[in-house]
Structure formats: C-alpha cells, structure tokens
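FYI, it's all coordinate maths here, none of it is from the lab. Predicted model, so just to flag it, every value in this text is computed and none were measured.
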Amino acid sequence: MNVKPNIGIVNALVRITVGLTVLAWSTSKLVKRPWRDSYLMMAMLGGMKVAEGIVRFCPLTALFERGQDMVQEKRKQEGNHNNDEAVDDILPYNPS
C-alpha cells in the first residue's frame, strides 16, 4: 500500500492540536472515572488524529478521493456529462 500525504500542513497542524486537546481531556476524565469506556474511546480517537497529523495521511480523505476518481473514470468510459448518472451507476439507490 502506497501511503502519500493527502492533507496539507495547516490541516495537519490543526489535527495535531485538536488531537492532543482531546487526548488530554479524555485522559484527565479517565483518571477520575476509569470504568467509563467512552473516555477510553475518546482517547483513542484523539490519538488517531495526532497520528494523522504527524503522518499527514487521512484514510477517510483517501477513500473520498478514490470514490471521486471512480466517478470520473465512469464518466469518461460512458461519455456521461451528467455526474448524477455516474454516481447512480456506482452507488445504486434502493429505497427499500
């Protein structure tokens, strides 16, 4: 798997700052109430944001970009000029 940076430097710095803030808040709450799993989950999410900022790679951004590339390829293959038709072909809508 080829992991290239897909977020900018400002976005990375914001992720590190917010991640460290969430991590500090959740660990301070976890000290008072160690039986609460929600604080542990928040600590892991904060740590994940710090890691995303350091590595400058976000898996959700990569997934979104990959989906956009798939829509563009589908449009080129079929010659569609309407983006909605290409999206409907990739992600069919089932109202049931």
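Measuring how big region 2-74 is from its alpha-carbon positions, Rg and Dmax come out at 15.6, 53 Å. 3J(HN,Hα) couplings calculated from phi for region 45-55 with the Karplus curve 6.51 cos²θ - 1.76 cosθ + 1.60 (θ = phi - 60°) are, in sequence order, 5, x, x, 5, 5, 4, 4, 4, x, 5, 7 Hz; Gly and Pro show x.
Enumerate the calculated ³J(HN,Hα) couplings along region 10-27 in order (Karplus 6.51 cos²θ - 1.76 cosθ + 1.60, θ = phi - 60°), each rounded to whole Hz, writing x wherever the residue is Gly or Pro. Karplus-based 3J(HN,Hα) across region 10-27 equals 5, 4, 5, 5, 5, 5, 5, 5, 5, x, 5, 5, 5, 5, 5, 4, 5, 5 Hz.
Under 5 Å between amide hydrogens, built in the peptide plane, is the criterion, and for ILE7 it picks out CYS58 among residues at least 5 positions away or on other chains.
The gain in end-to-end length when the LEU40 to ILE54 segment is fully stretched comes to 2.9 nm, 0.36 nm per residue minus the alpha carbon separation.
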